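Inspection log for the structure reproduced underneath, given as structure tokens.
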Amino acid sequence: MILNIIYLITSVSLLIYLYYLYLFYIGLKNRNNDYSKSKPFISVVVATRNEEHNIARLLTTLVNQSYPVDQYQIIIANDGSTDGTVSIVEKFSQKWNMIKLVEVSGRESAISPKKNALTQAIDVAQGEIILSTDADCQVGKYWIESMVSCFEDNEMELYDLSSDIGERDNLVLTEPSKSDELLRHLQDWWKKTNAPIPTVLNPEYEEKSSKRMPNIR
């Protein structure tokens with residue numbers, strides 16, 4: 001009798017444990033799905049020419065990012081390589097379908113061949129955010145995720161400094177259509193020029209700023 005009671009209690013406890021384990025699994029799965037859906041789609045563009053000694057190392061770091069694998073693509077713009085670069089990229093693309101190889105044209109007439117290659121890669125990019133790195137680089141596991149974090153708040157500020165030098169009236173709130181128009185122009189310009197986003201202060205500005213600061217002792 002006592003053994004039957006113990007067996008019954010153990011069975012019920014096990015069923016309860018399995019039930020809560022199932023709920024945990026479902027919650028974790030939904031959380032991961034929500035995480036993937038909430039992240040913007042990213043395009044990583046790389047211009048390459050005769051980088052057979054480097055491209056495999058870069059691609060290895062790019063396909064092993066912490067960012068959801070279905071939320072980014074890697075576009076390799078081959079600018080007339082004559083070594084084994086293309087063969088290496090194709091082998092990677094057979095295993096990872098987020099990798100796309102683009103054959104660049106117009107190198108001979110381009111003022112800047114690298115910019116020409118990047119422009120053609122950007123033209124086929126599907127990402128909401130476009131990131132770029134060099135073929136001879138290796139990026140960290142959290143590179144994409146850390147770069148995307150700079151864009152995640154989606155907050156904008158726009159001021160008319162001719163009449164609002166104190167930046168008190170954010171025109172994004174009062175003129176949303178104009179703000180959207182200016183943002184589109186900025187994004188189009190950025191894609192066309194591949195203008196880099198500054199990550200360090202202008203040293204000349206730092207020097208001038210330090211001269212204006214009073215020497216307090």
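Please treat every number below as a calculation from the coordinates, not as lab data. In this text the structure is predicted, and so the values were computed from the model without any measurement. Glycine also receives a Cβ, built like all others from the backbone with ideal geometry; neighbour counts cover every protein chain displayed.
Between amide H atoms placed 1.01 Å from N, distances below 5 Å from Ile74 occur with Val44, Ile99, Lys100, all of them 5 or more places distant or on a separate chain. By other beta-carbon atoms within 10 Å, ranking Leu186, Leu101 with the fewest at the front produces Leu186, Leu101. Counting 0.36 nm for each residue step from Asn97 to Glu145 and taking away their Cα separation leaves a gain of 15.3 nm. Normalised by the number of residues in the range 40-154, the mean separation of alpha-carbon contacts (under 8 Å, six or more apart) gives a relative contact order of 42 percent.
Assuming charge only on the beta carbon of Lys and Arg (+1) and of Asp and Glu (-1), the dipole of the range 40-154 about its Cα centre is about 200 debye to the nearest 20.
Between rounded, prolate and oblate, where does the range 100-164 land on the alpha carbon gyration tensor, with a ≥ b ≥ c its root eigenvalues, rounded for a/c under 1.5, else prolate if a/b exceeds b/c?
oblate
Among Glu52, Glu90, a tally of other beta-carbon atoms within 10 Å of each Cβ gives an order, fewest to most, of Glu90, Glu52. Here's how it looks for Gly80: its modeled amide H is under 5 Å from those of Val104, which are all 5 or more places away or on a different chain.
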